[in-house]
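Inspection log for the structure reproduced underneath, given as structure tokens.
Coordinate-derived values only; no laboratory data. In this text, all values refer to a predicted model and were calculated from it rather than measured experimentally. Here the Cβ positions follow ideal geometry from the backbone for every residue, glycine too, while neighbour counts run over all protein chains shown.
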Amino acid sequence: MRRPFIAGNWKMHLDRTAARQLAADLATSLKGIRDRDIALFPAFPLIPAVAAALEESPIQVGGQNLWFETEGAFTGEVSGPMLRSVGAVHVLVGHSERRHILGESDDWISLKMAAALASNLNPILCVGETLEEREGGLTEEVLSRQIRSGLGRVAADAMARVTVAYEPVWAIGTGKTATPETANAAHAFIRSEVEDLFQVSVSRELRIQYGGSVKPGNVDGLMAMPDIDGALVGGASLTADDFTRIVNFETRT
Ligand code: 13P
């Protein structure tokens, strides 16, 4: 069984005081949870305060991005070892906002995956098609390209530390969630691509999160699908009550 993994991507929100408060609230509200993994992804300057607030908590912390060199003249960038040194254990790689707003290429994302693993961070590789690509029937082609490139420098024995997040661009921050069936079909396709790249044991173990307008009202249906192993939550992760409810998704018995 794949252990559920729920992550909150705070994007470019909150300041130090608000981040510390939200982390402290979640440390309390999610205290008893042992059967699922939880991680928060604050903006870089907030990581130390959030990590400190979560010290006694099973909730982990990650960075929203990294650069693929370990140090050097790369003004404005942050390396894997730097993230580790302030308490991050995970990192998002290739988030759609970085692909589409900041212009990150598949090759950079592939290098970042390798750099994250080399820095002992657990990367979440984000993939997903735009509305235009979906309407043009290109969803599988796009996902295949992003998966094959993103995992192209990852060794099979490192895959246990990798998570994939399927985040259809048209569902991010729009209030439009993919139906559980649509999301599951994309997840199953991603899993089959990973099986083809590595082997079936790797694809069976791989956790694939869904991201895109996950809310308290739709998480249970999404998490009931066989290939959906977790959620990468944006907007709803900024409210302690909503994120707590999402982490406590109800499993069908
Ligand atoms: P929303 O949950 O706000 O749609 O954001 C999804 C996302 O991009 C998480 O990384």
In Hz, Karplus ³J(HN,Hα) per residue of the stretch 172-177 (6.51, -1.76, 1.60; θ = phi - 60°; x = Gly, Pro) | 7, x, 9, x, 9, 8
State the dimensionless ratio Rg/Rh of the chain (Rg: radius of gyration of Cα atoms; Rh: Kirkwood radius).
-> 0.94
Mean-position separation - Cα centroids, the stretch 47-120 and the stretch 179-233, in angstrom = 23
If you place +1 on the Cβ of every Lys and Arg and -1 on the Cβ of every Asp and Glu, how big does the dipole about the Cα centre of the chain come out, in debye to the nearest 20?
-> 560
Amide H contacts under 5 Å for ASN122, placed H, 5+ residues apart | HIS90, VAL91
For ILE101 and GLU195 in one chain, what is 0.36 nm times their gap in residues minus the Cα-Cα distance, to one decimal in nm?
-> 30.8 nm
Multiply the residue separation of ARG161 and THR17 by 0.36 nm, subtract the distance between their alpha-carbon atoms, and state the gained length in nm to one decimal.
-> 48.7 nm
What list of whole percents do you get for P(r) of the stretch 1-145, with Cα-Cα distances grouped in 5 Å bins up to the one holding the largest distance?
-> 2, 9, 18, 20, 18, 15, 10, 6, 2, 0
Compactness of the stretch 168-211 - radius of gyration and Dmax, Cα, Å = 12.1, 36
Of the candidates ILE109, ALA7, PRO180, the farthest towards the positive dipole end of the chain (Lys/Arg Cβ +1, Asp/Glu Cβ -1, centred on the Cα centre) is ALA7
